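Asker: Here's a structure for you.
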Amino acid sequence: MNTKTIIIFIAVLFVLDLLLQLYRGWKRNDLFTQLSRYLADKDFAAFDELLASPQTKRVLPPFNIAFLKLNEALILEDEKMTDESFDSFNMTMTKSQKEVLYKRGFYYYLDKRNKDKTDHYYELLRQMNVADLQTLDVMYDTYILKGSKYLDIIRNAAEKAGEKEKMPYYSLLADIYQNIGDKDKEKEYRKIVKDYTDKLIGK
């Protein structure tokens, strides 16, 4: 085989490989869109059937399949299924995949006030030294430790924020004041948030 033939052969292989990758990418995106649509429509029977199909297992990476299953459990508000879904991620993950999963776990179990499981994901995120670690610290202190360590920081942030951006801070401040037993301040901030929400929905 002469040099020119070898070059042509390699070029053909390259083009074929590129076309195969493009096809796989299209199939992956198409499949992911279809699964997401089933979830949005709450057509869980169709979702489960497609997710368990050989086609899906062949096209989608294990992380994507497990994450879609987790989203289904969260939508169903099935605590047992959600716990099992979080526990199913016994696979190699990229740093970004770990961060997405750990944050989902942190906020889910924080909302459930499940200290042990919140601790687990909080520690994993701290070890990763994620960019928004202070936000996690604030949430952990306020809702798990029932503390007020970040009261001044949140109050200062609220003062500097625009009107729309103030509301999450005010809601957080109400919860912090509840933690320290300051009922007047708690009531004040809850009223501000309620009045703003009522205004938005036209009450």
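Asker: Specify the angular offset, from 0 to 90 degrees and rounded to the nearest 10, of the alpha carbon long axis of helix 133-143 from the longest principal axis of the alpha carbons in the chain.
Answerer: Computed tilt is about 50 degrees.
Asker: With a 1.4 Å probe and every protein chain left in place, work out the accessible area per residue of the chain in Å², rounded to a whole number.
Answerer: Here the residues of the chain average 66 Å² of exposed surface.
Asker: A further question on this structure: Would you calculate the volume per residue, in Å³, of the smallest convex hull containing every Cα atom of the stretch 89-134?
Answerer: Dividing the Cα hull volume of the stretch 89-134 by its residues yields 75 Å³.
Asker: What's the extension gain from E165 to E79 if we count 0.36 nm per residue and subtract their Cα-Cα distance?
Answerer: Here the answer is 27.8 nm.
Asker: Relative contact order, percent, of the chain when contacts are C-alpha pairs under 8 Å separated by at least 6 residues?
Answerer: 9 percent.
Asker: Something else: So if I place +1 on the C-beta of Lys and Arg and -1 on the C-beta of Asp and Glu, and nothing else carries charge, what would the dipole magnitude of the chain be about its Cα centre? I want it in debye, nearest 20.
Answerer: Dipole of the chain, to the nearest 20 debye: 460 debye.
Asker: Let me ask another. Would you mind pulling out the separation of the Cα centroids of the stretch 158-203 and the stretch 30-58, in Å?
Answerer: Centre-to-centre distance over Cα atoms comes out at 40 Å.
Asker: Given G147, N179, A161, which one lies farthest toward the positive end of the charge dipole of the chain, if we put +1 on the Cβ of every Lys and Arg and -1 on the Cβ of every Asp and Glu?
Answerer: A161
Asker: In nm, to one decimal, how far is the K42 label point from the I201 one, both placed 7 Å along Cα→Cβ?
Answerer: Distance between the two pseudo-spin positions: 1.8 nm.
Asker: Measure nothing but the geometry: give the 0 to 90° angle between the long axis through the Cα atoms of 95-111 and the longest principal axis through the Cα atoms of the chain, rounded to 10°.
Answerer: Roughly 30 degrees, rounded to the nearest 10.
Asker: Sticking with this structure for a sec: Taking the inverse of the average 1/r across all pairs of different Cα atoms in the chain, what Kirkwood radius in Å do you get?
Answerer: 20.9 Å
Asker: Sticking with this structure for a sec: Stretched out fully, how many nm does the piece from R155 to N90 gain, at 0.36 nm a residue minus the Cα gap?
Answerer: So the extension gain works out to 19.3 nm.
Asker: First select every other residue whose beta carbon is under 10 angstrom from the beta carbon of A73; then total the charges, Lys and Arg +1, Asp and Glu -1.
Answerer: With Lys, Arg at +1 and Asp, Glu at -1, the neighbours total -4.
Asker: Show that you can apply the helix-only estimate: for the chain, add -39,500 (n - 2.57) for every DSSP H stretch of four or more residues, divide by all residues, and state [θ] at 222 nm to the nearest 500.
Answerer: Result for the chain: -26500 deg cm²/dmol, rounded to the nearest 500.
Asker: Shifting gears a bit: From the phi of every residue in the stretch 192-201, what ³J(HN,Hα) in whole Hz does the Karplus formula 6.51 cos²θ - 1.76 cosθ + 1.60 yield, where θ is phi - 60° and glycine or proline is x?
Answerer: With coefficients 6.51, -1.76 and 1.60, one gets 4, 5, 5, 4, 5, 5, 4, 5, 5, 8 Hz.
Asker: Follow-up. Would you mind checking the tilt of helix 115-128 against the longest principal axis of the Cα atoms of the chain, expressed as 0 to 90 degrees and rounded to 10?
Answerer: The answer is roughly 60 degrees.
Asker: Let me ask something else. What Kirkwood hydrodynamic radius, in Å, does the stretch 87-203 give when the mean of 1/r is taken over all pairs of distinct Cα atoms and then inverted?
Answerer: Taking the inverse mean of 1/r over all distinct Cα pairs, the stretch 87-203 comes out at 15.7 Å.
The values are calculated or read from the model by the stated rules, or taken from the named source; none is laboratory data. Everything numeric in this text was worked out from a predicted model, so none of it was measured. Every residue, glycine as well, gets a Cβ built from its backbone with ideal geometry; the counts of neighbours run over all protein chains shown. Ligands, DNA and RNA are excluded from the accessible area calculation, which covers all protein heavy atoms including side chains. Shrake-Rupley method; radii C 1.70, N 1.55, O 1.52, S 1.80 Å.
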